[in-house]
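The values are calculated or read from the model by the stated rules, or taken from the named source; none is laboratory data. The structure presented is a predicted model; accordingly, all values stated were derived computationally and were not measured. Virtual Cβ from ideal backbone geometry, glycine too; neighbours counted across all protein chains shown. For the accessible areas, the whole protein counts, side chains as well, though only heavy atoms, and no ligand, DNA or RNA atoms are used. Shrake-Rupley method; radii C 1.70, N 1.55, O 1.52, S 1.80 Å.
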Amino acid sequence: MTSFLDILLRLAPFGTTIVGIFALLYARQQIKINRENEAKRQFISFLDECIKYPLLAGNRRGDPVVIDVSNHEDEFRYHWFLSKLLMASESILEIAKNDPAWSNTVRENMKAHLFYIRDGNVRLGSYSKDLQSLVLEEISKLEPRDQDRSDHGQVSKS
């Protein structure tokens, strides 16, 4: 007759497998939560930059940001400000692929910077395909009169 201990020893590998599966599922969920939190942290950090440098952020209407290129510090700050926006947007889009609210948030924040991006001042190819598609789609919506502007809408030549 088989003792309870023998039965328990035979079932132990199955129990270990079940516990392992649950541990993997839990770890996967925690990784997803951590990625979401990191993406939101990046976006909040970008919003802090908007408060700190409102002239670089643009307005909600999407009017182009205008900076003085003769002031290299302003141009430098703007370029890295925009890089921060792009990285935060990329992270948000990655975790919220099918969330129209986040896509619209990214689009709204991108509007004031489209001329600068379009004119090749940003290495758009170094960002995700999702972000590239979104940005290129928004650039294609620029009005023809805006696309022909010689001042690129972003940078003051004065």
Legend entry - Pick from region 57-110, criterion acidic (Asp, Glu) and under 15 Å from Phe46 (Cα atoms), ranking: modelled with the lowest pLDDT: Glu108
Legend entry - Set Gly20, Gly15, Gly58: member being open to solvent by less than 50 Å² (accessible area, probe 1.4 Å) and in contact (Cβ under 8 Å) with a residue 40 or more places away in the chain: Gly58
Legend entry - Number of the exception - Arg28 against (1) more than 22 Å from Gln132 (Cα to Cα); (2) in contact with a Leu (Cβ under 7 Å, 6 or more places away or on another chain): (2)
Legend entry - Unmet requirement for Leu47, which otherwise passes all of (1) part of a helix (DSSP H, G or I); (2) within 17 Å of Thr105 (Cβ to Cβ); (3) modelled with pLDDT under 90: (3)
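Only one of these is touching a residue at least 40 places away in the same chain (Cβ under 8 Å), assigned to a helix (DSSP H, G or I) and open to solvent by 20 Å² or more (accessible area, probe 1.4 Å): Glu137, Glu73, Glu108. Name it.
Numbers: Glu137 fails: touching a residue at least 40 places away in the same chain (Cβ under 8 Å); Glu73 fails: touching a residue at least 40 places away in the same chain (Cβ under 8 Å).
Result of the check over Glu137, Glu73, Glu108: Glu108.
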